[in-house]
Amino acid sequence: MNPVKVGVIGLGTVGGGTVNVLKRNANEIARRAGREIHVVKASARDLSRERICTTEGIELVSDPFEIVTDPEISIVVELIGGDSIARDLVIKAIENGKHVVTANKALIALHGNEIFPLASQKGVMVAFEAAVAGGIPIIKVLREGLSGNQVEWLAGIINGTGNFILTEMRDKGRGFADVLAEAQALGYAEADPTFDIEGIDAAHKLTILASIAFGIPLQFEKVYTEGITGITSEDMIYAEELGYRIKHLGIARKNHSGIQLRVHPTLIPERRLIANVDGAKNAVLVYGDAVGPTLYYGAGAGAEPTASAVVADIVDVVRTLTSDPGNRVPHLAFQPDALQETPICAMDDVETAYYLRLTAADKPGVLADITRILADRGISIEALIQKEPLSDKPDLPVIMLTHRVQERKMSQAIEAIEALDTVSGSVHRIRMETLG
Ligand code: NDP
Ligand code: HSE
């Protein structure tokens, strides 16, 4: 059979890694796919720039639209990122009858509801394994491996840059900005790194995971999103003293009132495997009613780990090129006409436990006032520690762990505590999950 001709848009970290893996493992890949896969054309903005891959035998162009309109190309691999030009390119590729492979979570989370119906109408595949958790084949797991289950919840460390920053801060006491700069140099971070540190990238990924896990439309705008910029090294130290680790998690959970979609720093017991996932590694814990808890771990970012997922998608597409489009695995795991509009829970209605850190005057009765505010709202305390002052200031850090309570009640309690004359500054809250 003739080789399948592929066009790669973007020759940066992931594009370069993909070309390298396709070249290095060409024989093994062809044995699996049943045909050779040739990258015939690739695009980048600056063609004079040095690349991490060899571009020998590949026609290089600066206009990516030359790839999506090239009649020779069957599969377009979109690896530029962002959701504007990337969207136009992917739509154009689909309209021209090309299959698409992308690592672009922003694109899928924001425009998937438009892209997938168009792809189905045109009988082409849009594959996006690399969009979530880098090299971990979590999309395939949820879409195929766990298709006999009702997924009850999933929780994941799904941003490599954020996990790398938290790990380096905790283990080496390094500063936030310094570690972020290293993550950028290593090619882990997004073009706009605020997406990594403010939780937006994780929210894009959680949107995709939740859609596939629960059979719901992609709803990025409904994800509660908090990043890691508010986490201090003191929080990490106190959490460890209490037997916990702070991880930035994406959590999707189905309950009687709907589906929770939330991304935020989370204290988790240090004995959990996922609490020990460090550096740029990712992990996703999925609880299915039949299988119980399952955990998927691996590199969450980087050239070749991500290329591993991109190439697996290319192979999947090649294997199904001749199959009837109606009999392929649905893009979002559930048949398109079976997606459900399950309500998404408001964050105020979410129930979880909390870590609270505040600064209080070293006077009799202060702690009693605080605990009374919590008790009046039915919030019970699991642990309370009063620390030595961190500097020569007279006020004392107070750390509390609470039992589970509705977010709304906790917000009211925090407002009342912050209004006390004896409490200075704001109360810092981090949600806590046992993931049991
Ligand atoms: P890079 O910035 O390293 O590479 C982007 C490539 O696209 C470059 O070759 C760049 O050209 C080209 N490009 C950028 N903007 C345009 C544009 N407007 N028009 C034409 N070409 C353009 O990005 P990554 O490889 O890191 O990321 C690519 C995608 O993969 C993103 O969607 C990202 O979220 C996703 N991803 C990244 C991972 C990672 O570890 N880096 C992991 C998983 C997913 P030039 O080189 O000339 O500047
Ligand atoms: N910036 C992303 C991360 C790349 O750090 O996880 C992988 O999606």
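The values are calculated or read from the model by the stated rules, or taken from the named source; none is laboratory data. This is a predicted model, so every value here is computed, not measured. Cβ sites come from the backbone with ideal geometry, for glycine too, and all protein chains shown count toward neighbours. What goes into the accessible areas is simple: the full protein's heavy atoms, side chains included, and nothing from ligands, DNA or RNA. Shrake-Rupley method; radii C 1.70, N 1.55, O 1.52, S 1.80 Å.
Taking only C-alpha pairs under 8 Å that are 6+ residues apart, what is the relative contact order of the chain in percent? Walk me through the intermediate numbers first.
Numbers: 914 pairs, mean separation 70.9, N = 436.
Here the relative contact order equals 16 percent.
So how far, in whole Å, is the C-alpha centre of the range 82-96 from the one of the range 365-436?
So the separation of the two Cα centres works out to 49 Å.
Determine the gain in length on full extension of the stretch T294-A26; use 0.36 nm per residue of separation and subtract their C-alpha separation, reporting nm with one decimal.
Values: separation 268, 0.36 × 268 = 96.48 nm, distance 3.20 nm.
Gain on extension, T294 to A26, equals 93.3 nm.
Comparing A131, A30, A44, which has the greatest mean-square fluctuation in the GNM of the chain with Cα pairs linked when under 10 Å apart?
Highest fluctuation of the listed residues: A30.
Note down the accessible area of E168, probe 1.4 Å, to the nearest 10 Å².
20 Å²
So what's the angle, to the nearest 10 degrees on a 0 to 90 scale, between helix 200-214 and the longest Cα principal axis of the chain?
80 degrees
So for the range 227-328, averaging the separation of alpha carbon pairs under 8 Å that are six or more residues apart and normalising by length, what relative contact order in percent results? Walk me through the numbers on the way to the answer.
Numbers: 99 pairs, mean separation 16.2, N = 102.
Relative contact order here is 16 percent.
For the Cα atoms of the chain, what angle does the longest principal axis make with the long axis of helix 105-122, in degrees from 0 to 90, nearest 10?
40 degrees
To two decimal places, what compactness ratio does the range 349-432 give when its Cα radius of gyration is scaled by 2.2 N^0.38 Å? Don't skip to the end; give the middle numbers.
Working: Rg = 12.2 Å, N = 84, 2.2 N^0.38 = 11.8 Å.
So the range 349-432 has a normalised radius of gyration of 1.03.
Given the options L401, L367, L146, which has the most mean-square fluctuation in a GNM of the chain, springs set between C-alpha atoms less than 10 angstrom apart?
Top of the fluctuation ranking is L367.
Label points 7 Å out from Cα along the Cβ direction at A375 and R319: separation in nm?
That separation, rounded to one decimal, is 6.2 nm.
Would you list which lysines come within 21 Å of K122, measuring only between C-alpha atoms, while excluding same-chain residues fewer than 8 positions from it?
K5, K92, K98
In the chain, what % of DSSP beta bridges are antiparallel (nearest 5)?
Values: 50 of 74 bridges.
Expressed as a percentage, antiparallel bridges in the chain total about 70.
Rounded, prolate or oblate: pick one for the range 74-164, where a ≥ b ≥ c are the square roots of the eigenvalues of its C-alpha gyration tensor, a/c under 1.5 means rounded, and failing that, prolate if a/b is larger than b/c, else oblate. The partial results should precede the final answer.
On the way: a/c = 2.21, a/b = 1.39, b/c = 1.59.
Taking the square roots of the gyration eigenvalues as a ≥ b ≥ c, the range 74-164 is oblate.
How long is the gain from D171 to E95 if the chain were fully straight, where each residue apart is worth 0.36 nm and the alpha carbon distance is subtracted? Walk me through the numbers on the way to the answer.
On the way: separation 76, 0.36 × 76 = 27.36 nm, distance 4.97 nm.
Gain in length upon complete extension: 22.4 nm.
Zone of Q121 (label point 7 Å along Cα→Cβ, backbone N under 20 Å): which residues in the range 205-222?
What the label zone holds, given the 20 Å backbone N cut-off, is 217-218.
Once you put a point 7 Å from the Cα of D192 and another 7 Å from the Cα of A361, both along the Cβ direction, what distance in nm separates them?
Placing both labels 7 Å beyond Cα along the Cβ direction yields 4.4 nm.
Sum up the lysine pairs in the range 138-299 that clear both bars: alpha-carbon distance under 21 Å and a spacing of 8 or more or different chains.
Close lysine pairs under the 21 Å cut-off: 11.
Output the relative contact order of the range 306-436, whole-number percent, from Cα pairs under 8 angstrom with separation of 6+ residues.
Working: 154 pairs, mean separation 41.1, N = 131.
This gives 31 percent for the range 306-436.
Can you list the lysines whose alpha carbon sits under 18 Å from that of K363, skipping same-chain ones fewer than 8 residues off?
K387, K393
Enumerate the aspartates and glutamates that K23 could reach by cross-link, defined here as Cα to Cα under 14 Å, with residues fewer than 8 away along the same chain left out.
Cα-Cα hits under 14 Å: E36, E56, E304.
Treating the angle as unsigned and between 0 and 90°, give the value, to the nearest 10°, between the Cα long axis of helix 85-95 and the longest Cα principal axis of the chain.
40 degrees
Take I115, I58 and sort them by solvent-accessible surface of the protein heavy atoms, 1.4 Å probe, largest at the top. Intermediate values should be presented prior to the final figure.
Working: I115 0, I58 25 Å².
Greatest to least solvent exposure: I58, I115.
Per residue, how much space in cubic angstrom lies within the convex hull of the C-alpha atoms of the chain? The partial results should precede the final answer.
On the way: hull volume 62.5 nm³, N = 436.
Convex hull of Cα atoms, per residue: 143 Å³.
Taking a virtual spin label 7 Å from the Cα of T422 along the C-beta vector, which residues in the range 353-369 bring their backbone nitrogen under 16 Å of it?
Under cut-off, by backbone N: 358-369.
Per-residue accessible area for L273 at 1.4 Å probe radius, Å² rounded to 10?
130 Å²
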